[in-house]
Amino acid sequence: MSLTSSVAGRVLGVDDPFLVCLLVALPCSAGAASGFVLRDTPGRPATLAASALVVLGAAITIPALHASSTLWFAVGSTVAGLGVGAALSGTFKVLAPLPAPAERAEFFAAFFVVGYLAFSIPAVIAGFAAASVGLVITGTVYAVGLIVLAVGAAAAMTVTGGPRVEQSRE
């Protein structure tokens, strides 16, 4: 998302500021919508669905970048956005029972710091990489990295069954 405005202008040929903003807003809106829709879904199934959506969205986005297809780029980033929203919702539900009530503030402060770093550090690296190898290659590598991480997360959740929570943490 941090490179979307550059991708829109330089790769997709979109010069209308409204359309550029729309391309940036689509995955954010999709993420908010999926978090809302999955609000009553248990964390593990939401997280597994999230992984599938991120993989699908990234897999759509890669050829869209190479074909300079605005429509498919929008579709792919929207599907990936659905996955990101579902991932946040599912992960939050999976992790919420882990800390004792007196530890929850510290736990979720750390959760959000790690989440912020997980989004911002790759974005900064991608910004530097785009300057040297181009937006299409950078976007492709970034999307492949997302696919690997999403598949790894789903595999880990499937193999381990997710974190084990003690019945009485109070």
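The values are calculated or read from the model by the stated rules, or taken from the named source; none is laboratory data. Given the structure is predicted, the values throughout are model-derived calculations rather than measurements. A quick note on method: Cβ atoms are made from the backbone with ideal geometry, for glycine too, and the neighbour counts reach across all protein chains shown.
The table that follows gives values for the structure above.
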{"quantity": "Filtered residues of the range 33-66 (kept if modelled with pLDDT under 95, farther than 19 Å from Leu146 by Cβ and in a helix (DSSP H, G or I))", "calculated": "Phe36, Val37, Gly43, Arg44, Pro45"}
{"quantity": "Some residue of the range 87-109 being among the small types (Gly, Ala, Ser) and under 18 Å from Val144 (Cα atoms)", "calculated": "yes"}
{"quantity": "Those residues of the range 67-92 which are modelled with pLDDT of 95 or more, part of a helix (DSSP H, G or I), over 11 Å from the mean Cα position of the chain (by Cα) and of a type in the set (Gly, Ala, Ser), in sequence order", "calculated": "Ala67, Ala74, Gly76"}
{"quantity": "Which numbered condition Arg10 fails, given (1) assigned to a helix (DSSP H, G or I); (2) surrounded by 18 or more Cβ atoms within 10 Å (Cβ to Cβ); (3) not hydroxyl-bearing (Ser, Thr, Tyr)", "calculated": "(2)"}
{"quantity": "Single unsatisfied condition, Ser51 versus (1) closer than 23 Å to Val94 by Cα; (2) without any contact (Cβ under 8 Å) to a residue 24 or more places away in the chain; (3) crowded, with 16+ Cβ neighbours inside 10 Å", "calculated": "(2)"}
